[in-house]
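> Here's a structure for you.
The values are calculated or read from the model by the stated rules, or taken from the named source; none is laboratory data. No experiment lies behind these values; they were computed from the predicted model shown. Glycine also receives a Cβ, built like all others from the backbone with ideal geometry; neighbour counts cover every protein chain displayed.
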Amino acid sequence: MASKQIHFIAVMYPDPEKVDRLVEIIETLSAFVHDHEPFVWQYEFYKSTEDNRPVIVVTERFSDQAHMDIHMQSEAYQKFKQVLADEKICVQDHKLYFLSQFAGWKRT
């Protein structure tokens, strides 16, 4: 049986005073993932606002659950989570939405 692709969206709620710091640590993590985790198919971060407060929207796509687990357990990702907690960068827990595509397409 083929492995099932994992795709999700996360919404992060940073402290408005700490958005620049969050962007900095995300850029570091993203570079690491690009260079060391070829099984991550998509890893994109976007800035937006919700109710006049900043949000960061993350979209991630992994080849399968095992590779997502490797990513989540990586030293780089664990350090990212630790910095978020230590520096109190987010004002509330992020929301996570696992996605199941039912229609549509993507041009490359």
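> Return the residues of segment 41-78 that are surrounded by 12 or more Cβ atoms within 10 Å (Cβ to Cβ), within 19 Å of Gln92 (Cα to Cα) and of a type in the set (D, E, K, R); say none if nothing qualifies.
Scanning segment 41-78 gives Lys47, Arg53.
> Being acidic (Asp, Glu) and within 23 Å of Lys106 (Cβ to Cβ) narrows it down to one residue among Glu60, Glu24, Glu17; which is it?
Only one candidate passes the filter, namely Glu60.
> Listed residues Thr108, Thr49; which is without any contact (Cβ under 8 Å) to a residue 40 or more places away in the chain, over 11 Å from the mean Cα position of the chain (by Cα) and closer than 17 Å to Ile9 by Cα?
Thr49
> Could you tell me which residue of segment 80-97 is surrounded by the fewest Cβ atoms within 10 Å (Cβ to Cβ), considering only residues that are in a helix (DSSP H, G or I) and more than 14 Å from the chain's Cα centre (by Cα)?
Asp86
> Next question, about the same structure. Can you name the number of the only condition in (1) exposed (fewer than 11 other Cβ atoms within 10 Å of the Cβ); (2) at pLDDT 95 or above; (3) part of a strand (DSSP E or B) that Glu17 fails?
Every condition holds for Glu17 apart from (3).
> Can you tell me how many residues in segment 42-52 are at pLDDT below 95 and not polar (S, T, N, Q)?
Counting residues in segment 42-52 that are at pLDDT below 95 and not polar (S, T, N, Q) gives 2.
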